[in-house]
Amino acid sequence: MSINGRYLRLSPRQLQRAATEPDWAREWVAELDEDEEEDGAADRGRLHETGSAGAVLELLLRRHDFPVDVVHGEEELTAAGDWGYGPPRCLTPEQVGTADEAFAALPPGTLVDGIAPAELAAAVPLPAGWTAEDVLHLASGHYRALADFLHTAARYRHAVLVWSE
């Protein structure tokens, strides 16, 4: 069983509501998931998934002293209860902005510079279907997709909920 990293982009007001009405946020995620299954587009990019690439991304970002925990989130929404592997965590609009600036300063090629694929494969469990030969390429793709998602959130000054399921 793999752990899938998930993200929900929220306005500051929606984040406040999610903190006080966590069931509302879960229901909205379920609606967005259903909409995505039906038409392939989740409400203008409100949802993102890193799939099971979290451990790989975490290791690579840690090597570069990334200033925000974009893999797990920062502050826990304890009132939300368990969303799979604990409560969701949030990134405030300010933290999203900091992450966006850090992504802009760290190109995908630089992210994986200096680490051999076999070294990375030995350091963290690889997601199903990944091999040591393709781990750097796949990690770079997930990194770019997460950077794009958070760039959009930063552009709108949105917060992000992060959870694993």
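Please specify each residue of segment 62-116 satisfying the condition of being within 20 Å of Pro22 (Cα to Cα), hydroxyl-bearing (Ser, Thr, Tyr) and open to solvent by less than 70 Å² (accessible area, probe 1.4 Å).
The answer is Thr92, and nothing else.
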>> From the list Ala159, Ala123, Ala154, exactly one residue is under 21 Å from Pro12 (Cβ atoms), among the small types (Gly, Ala, Ser), open to solvent by 20 Å² or more (accessible area, probe 1.4 Å) and touching a helix residue (DSSP H, G or I) at 6+ places or on another chain (Cβ under 8 Å). Which is it?
In response: Ala154
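Is it true that Gly129 is surrounded by fewer than 16 Cβ atoms within 10 Å (Cβ to Cβ) and assigned to a helix (DSSP H, G or I)?
Against the criterion (surrounded by fewer than 16 Cβ atoms within 10 Å (Cβ to Cβ) and assigned to a helix (DSSP H, G or I)), Gly129 does not qualify.
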> If we only count strands (runs of 3 or more DSSP E) wholly inside segment 1-99, which ones have 3 or more residues that are among the acidic types (Asp, Glu)?
Replying inline: none
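Yes/no matrix, rows are residues, columns are (1) over 16 Å from Arg63 (Cβ atoms); (2) under 16 Å from the mean Cα position of the chain (by Cα):
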| site | (1), (2) |
| --- | --- |
| Pro107 | no, no |
| Val124 | no, no |
| Glu133 | yes, no |
| Gly141 | yes, yes |
| Arg144 | yes, yes |
| Leu150 | yes, yes |
| Ala154 | yes, yes |
| Ala159 | yes, yes |
> Of Arg46, Arg26, which residue is open to solvent by 40 Å² or more (accessible area, probe 1.4 Å) and charged (D, E, K, R)?
Replying inline: Arg26
> Quick check: anything in segment 107-114 closer than 24 Å to Leu161 by Cβ and part of a loop (DSSP other than H, G, I, E, B)?
Replying inline: no
> Would you call His151 touching a strand residue (DSSP E or B) at 6+ places or on another chain (Cβ under 8 Å), closer than 18 Å to Gly5 by Cα, part of a helix (DSSP H, G or I) and not hydrophobic (A, V, I, L, M, F, W, C)?
Replying inline: no
> Of all residues in segment 142-151, which are of a type outside the set (D, E, K, R) and open to solvent by 30 Å² or more (accessible area, probe 1.4 Å)?
Replying inline: His142, Ala145, His151
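The values are calculated or read from the model by the stated rules, or taken from the named source; none is laboratory data. Note that the structure is a prediction, hence the values are computed from the model and not measured. Reconstructed Cβ throughout: ideal geometry from the backbone, glycine too, with neighbour counts over all protein chains shown. The accessibility values were calculated without ligands, DNA or RNA, using every heavy atom of the protein model including side chains. Shrake-Rupley method; radii C 1.70, N 1.55, O 1.52, S 1.80 Å.
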